[in-house]
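Engineer: The structure follows.
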Amino acid sequence: MLRLALTKGRIEEKALEYLKESGYDTSELDKEKRGRKLLFRVGNEIEVVLAKAADVITYVERGVCDGGIVGEDTIMEAGANVYELLDLEFGKCRFALAGIKGKDFYQGSGHKIIASKYPAVTKKYFNEKGIDVEVVKIEGSVELGPVLGLSDAIVDIVETGSTLKANGLEVYEDVAQISARFIANVSRIKTKKQEFDKLTAALARTVKNKREKCLGEN
Ligand code: PRP
């Protein structure tokens, strides 16, 4: 038996679709049936818990869940010590440095302030560039940072780009590409190797099928 933590929300819906297409019975998690339950059986071999993204990492790192499905953004921000088994290729977006349209971010030598929900990712990005910035942690609607004059720029997730556009902002630089990942606890990957191999192979087949279907449609 494998116990997996799935990130609630957008990732959860896709993750369940992928598990179903990989041959697992996800009916206990059907929206009409599930109520307020948080722990479910998926066929005979998998148990699923639903959790917030950062908590998925905590459960997997501490081994109360064997594995999980979570965004690369959360893995990067947590600096998590987990084993990445598979890029599931959904939830694709990017981390970007963005700010007021038409402004040159690097102009002037003054102290720069960056607002972000991802302070660790932001600090690492600028450290690697050798630029010292002040990072202000914001919990949501980070785009308000430059709009209100709190920060010179933001480091945030950009998916369609419509939030930036609607607020007069633009991408200055891409920081990293991200997508959903199937992760495992670093020791459980050895002790439950057979179970992980089976599920990884099934999910990898689904990822490949989806990719081919997608190419066929284009
Ligand atoms: C995320 C992200 C951006 C927006 C990007 O926010 O932080 O604000 O989505 O998407 P887009 O490029 O398609 O416009 P989310 O919707 O999770 O809400 P939040 O800002 O309150 O965290």
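The values are calculated or read from the model by the stated rules, or taken from the named source; none is laboratory data. Quick caveat: nothing in here was measured; it's all calculated off a predicted structure. In this analysis, Cβ positions are derived from the backbone assuming ideal geometry, glycine residues included, and neighbour counts consider all displayed protein chains. The protein model used for the area step is the full one, side chains on, heavy atoms only, and it has no ligands, DNA or RNA in it. Shrake-Rupley method; radii C 1.70, N 1.55, O 1.52, S 1.80 Å.
Engineer: Out of segment 69-129, which chymotrypsin sites (Phe, Trp or Tyr not before Pro) are coil in DSSP terms and have no more than 16 other C-beta atoms within 10 Å? If you can, show how the numbers build up before the last one.
Structural biologist: Details: sites: 83, 90, 95, 105, 106, 125, 126; in loops: 90, 105, 106.
Sites meeting the loop and neighbour criteria: 105, 106.
Engineer: Another question, then. Once you order the gyration tensor axes a ≥ b ≥ c over the Cα atoms, which shape class does segment 168-218 get: rounded for a/c under 1.5, otherwise prolate or oblate by comparing a/b with b/c? Present the calculation step by step, with values, prior to reporting the outcome.
Structural biologist: Values: a/c = 5.49, a/b = 1.49, b/c = 3.69.
Taking the square roots of the gyration eigenvalues as a ≥ b ≥ c, segment 168-218 is oblate.
Engineer: Considering only DSSP beta bridges with both partners in segment 31-138, what is the antiparallel share in %, to the nearest 5? If you can, show how the numbers build up before the last one.
Structural biologist: On the way: 4 of 9 bridges.
Once the DSSP bridges in segment 31-138 are tallied, antiparallel ones form about 45 percent.
Engineer: Something else now. If DNA, RNA and ligands are ignored and the probe is 1.4 Å, what is the ranking of 192, 137 by accessible area, most exposed first?
Structural biologist: On the way: 192 50, 137 105 Å².
I get 137, 192, largest accessible area first.
Engineer: If I build a Gaussian network model for the chain, linking alpha-carbon pairs within less than 10 angstrom, which residue out of 21, 61, 32 has the largest mean-square fluctuation?
Structural biologist: Comparing 21, 61, 32 in a Gaussian network model of the chain, the most mobile one is 32.
Engineer: Quickly work out the residue 45-to-residue 166 label distance, labels modelled 7 Å from Cα along the C-beta direction, and quote it in nm with one decimal.
Structural biologist: Roughly 4.2 nm, to one decimal.
Engineer: Treating cross-link reach as a plain straight distance, find the lysines whose alpha-carbon is under 21 Å from the alpha-carbon of residue 208, omitting any fewer than eight places away in the same chain.
Structural biologist: 14, 20, 92, 198
Engineer: Leaving out ligands and nucleic acids, and using a 1.4 Å probe, what accessible area per residue does the chain come to in Å²?
Structural biologist: 55
Engineer: In whole percent, how big is the carbon plus sulfur part of the accessible area of the chain, probe 1.4 Å, protein atoms only?
Structural biologist: Numbers: 5810 of 12000 Å².
So the carbon and sulfur contribution to the accessible surface is 48 percent.
Engineer: Report, ordered by chain and residue number, the lysines lying within cross-link reach of residue 137, taken as a straight Cα distance under 21 Å and ignoring same-chain residues fewer than 8 apart.
Structural biologist: Within the straight-line cut-off, residue 137 pairs with 52, 112, 117, 123, 124, 129.
Engineer: Now for a different question. With bins 10 Å wide starting at 0, give me the P(r) of the chain over every alpha carbon pair, in whole percents.
Structural biologist: Bins of 10 Å from zero give 8, 30, 29, 21, 10, 2, 0 percent of pairs.
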